[in-house]
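See structure below.
Derivation of every value follows stated rules applied to the coordinates shown; laboratory data play no part. In this text the structure is predicted, and so the values were computed from the model without any measurement. Heads up, the Cβs are rebuilt from the backbone with ideal geometry, glycines too, and the neighbour counts pull from every protein chain shown.
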Amino acid sequence: MRLGIVTPVVTRLPRAHSRWEVDAGIKEIARIATEAERLGYDHLTCSEHIAVPNSVVATRGATYWDPLATLGFIAGCTRTIRLATFVLVLGYHHPLEIVKRYGTLDAISEGRVILGVGVGSLAEEFELLGASFSDRGKRADDALRALRASWGKSVPEYHGEYFDYSDMTIDPVATSTTAPIWIGGQSARSLARAVEFGEAWAPFGLKPNEVSQLLAAAESSASWSRRTKPLEVFLQPTPPLDPVGDPEATRHTLNEWIAGGATGLTLRFVHHSLDHYCEQLEALPTLLTS
């Protein structure tokens, strides 16, 4: 069971962050990243919003550290933990921007980038960036095809409905030509995208029984039968876990989400300080082995 973390500080959702995070910065992030790596965690995440409309700040929050800059820093102070965008909004980027920028990060980090991507839902943010909102799903599908065709290639070529390019050189590029794509979302369509285009499905906002039902339905699809590798499923247990304060309840929650279909877990913790967060990091893995 691969374990990762929803990195504190870099995203502050209303009623889901602790007070200490407000004044925390890069030193605290570095400690969390290095501690998670020391304890054997598989990955950490950083989300993306360019600018959040004031009308939704109360529900979505306003703090979103830029994932490329943040993960670039973390790459420099770690050696093994994987670096996941979760999620990068496909409609905000040309596929070759992702291939170049995150391919460079992959080269710098020696192959540790995970492209966690999603379709996006904030119409105002799309409008701000001059991106099309109404057909974002179809554009995302074409972008995923382009990413799969181009990742890790110095002379990429793709001819699709929305993206068309050839005779261009990119250097540096990612360490592999297999794009490490995780698809985020909450719907059956997000799972269908993961089955068709991704290494993993990483939904959020779903209950374990909802995940298992969606997976059962997807297993009968033609796309599922065409896969050559098993689909990984990375789930985010809710509510935040408290392995130090309530290990039995935490163990029960972990087992519930694993039974729901998780092959990996991306975790949030109850925490009241940086030290407390690191204590929770250390306590959690023992509950899966005890």
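What does the net charge come to around residue 238 if you take all other residues with beta carbon closer than 14 Å to its beta carbon, with K and R at +1 and D and E at -1?
Numbers: positive: 15, 207, 268; negative: 210, 242, 256.
Net charge around residue 238: 0.
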> Thinking of the range 186-236 as a set of Cα atoms, what percent of all their pairs are more than 12 Å apart?
Replying inline: 59 percent
>> Only counting other Cβ atoms within 10 Å, I'd like 190, 18, 212 sorted with the fewest neighbours first.
In response: 212, 18, 190
>> Starting from the 7 Å offset along Cα-to-Cβ, what nm value, one decimal, do you get for the label separation of residue 50 and residue 187?
In response: 2.2 nm
> Angle, helix 188-197 long axis vs. longest principal axis of the chain, Cα atoms, 0 to 90°, nearest 10?
Replying inline: 60 degrees
> Once the Cα atoms of helix 274-289 and of the chain are each reduced to a long axis, what angle between those two axes, in degrees from 0 to 90 to the nearest 10, is obtained?
Replying inline: 90 degrees
> Nearest 20 debye, what's the magnitude of the dipole of the chain about its Cα centre given +1 on Lys and Arg Cβ and -1 on Asp and Glu Cβ?
Replying inline: 280 debye
> At 222 nm, what helix-only mean residue ellipticity would the chain give, in deg cm²/dmol to the nearest 500, using -39500 (n - 2.57) for each DSSP H run of four or more?
Replying inline: -12000 deg cm²/dmol
>> Using Cα-Cα distances under 8 Å and only pairs 6 or more residues apart, what relative contact order does the range 33-76 have, in percent?
In response: 40 percent
> If one takes the longest principal axis of the Cα atoms in the chain, at what angle in degrees, from 0 to 90 and to the nearest 10, does the Cα axis of helix 67-77 lie?
Replying inline: 60 degrees
>> On a 29 Å Cα-Cα criterion, which of the cross-link pairs 100/207; 27/229; 153/229; 207/229; 138/229 come out too long?
In response: 100/207; 27/229
> Along the positive direction of the dipole of the range 199-282 (beta-carbon charges: Lys, Arg +1; Asp, Glu -1; about the Cα centre), which of 215, 260, 274 reaches farthest?
Replying inline: 215
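Going by how many other beta carbons lie within 10 Å of each one, how would you line up 229, 138, 100, fewest first?
229, 138, 100
What order do you get for 86, 73 when you list them from fewest to most C-beta neighbours inside 10 Å?
Lowest to highest Cβ neighbour count: 73, 86.
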>> How charged is the neighbourhood of residue 65? Take every other residue with its Cβ under 13 Å from the Cβ of residue 65, and add Lys/Arg as +1 and Asp/Glu as -1.
In response: -3
